[in-house]
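The values are calculated or read from the model by the stated rules, or taken from the named source; none is laboratory data. Since the model is a prediction, treat every value here as computed from it, not as a measurement. Cβ atoms come from the backbone with ideal geometry, glycine included; neighbour counts cover every protein chain shown. Side chains are part of the model used for accessible areas, which takes the heavy atoms of the whole protein and leaves out ligands, DNA and RNA. Shrake-Rupley method; radii C 1.70, N 1.55, O 1.52, S 1.80 Å.
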Amino acid sequence: DTTFGSVCVDSGAGESVCPIEAFPSYKTVKTAKTGTTYRAVGGHKLHNVGEIRPHSKSGGVADSMAFQATTDVQKPLAAASKIAGKGNRIVLEADGGYIENKKSGKKIPLTIKNGVYMMEMLVVPFPGPTK
């Protein structure tokens, strides 16, 4: 089954993070970042327990995104710096915005919910599409 959800696009985050149970059909994989501790805006520590890379569609664009799994966050946060670092521009406007791949021109719409920019994701269950 596919699952639909919103991911906050966070310009203050250095890493994309998610709760361990955010994408239940995907396994948490150990990487070089496993065991790393991050500090959240409020000052509390986030402990990296591995990486989850769900396959999804956002605005009709299929992709996968790496999230650092932690027991210390309540919802997935996508680091704007990681999104931009993959060849995208992020446009934020008063009524929403979009993420645009600079090479293909494909756009993923952003909405505003409770004052933050959100990207809707349709998560494809594991194993997801092959690349």
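Where Rh is the Kirkwood radius over the Cα pairs of the chain, the temperature 37 °C and the viscosity 0.692 mPa s, what D in µm²/s does Stokes-Einstein return? D, rounded to a whole number, is 218 µm²/s. Given a 1.4 angstrom probe, I'd like the percentage of the accessible area of the chain that is carbon and sulfur, rounded to a whole number. Of all accessible area on the chain, carbon and sulfur atoms account for 54 percent. Highest mobility in the GNM of the chain, judged by mean-square fluctuation with C-alpha springs under 10 Å and restricted to Lys45, Lys27, Lys103, is found for Lys103. A simple spin-label model places the labels of Glu120 and Lys86 1.9 nm from each other, with each point 7 Å out along Cα-to-Cβ. What is the sum of charges, Lys and Arg at +1 and Asp and Glu at -1, for the other residues whose Cβ falls under 15 Å from the Cβ of Arg89? Its environment carries a net charge of +4.
Take the Cα of Asp72, step 7 Å toward its Cβ, do the same at Lys30, and the gap between the two points is 2.0 nm.
Sorted largest first by accessible area at a 1.4 angstrom probe radius, with every protein chain in place, the residues Met118, Met65 fall in the order Met65, Met118.
Relative contact order for the chain using alpha-carbon pairs under 8 Å, separation at least 6, rounded to a whole percent? It comes to 35 percent, rounded to a whole number.
Size descriptors for the stretch 60-107, from the alpha-carbon set: Rg then Dmax equal 12.5, 36 Å.
Might you work out the accessible area of Arg53 for me, using a 1.4 Å probe with all protein chains in place, and round it to the nearest 10 Å²? Taking all protein chains as shown, Arg53 has close to 100 Å².
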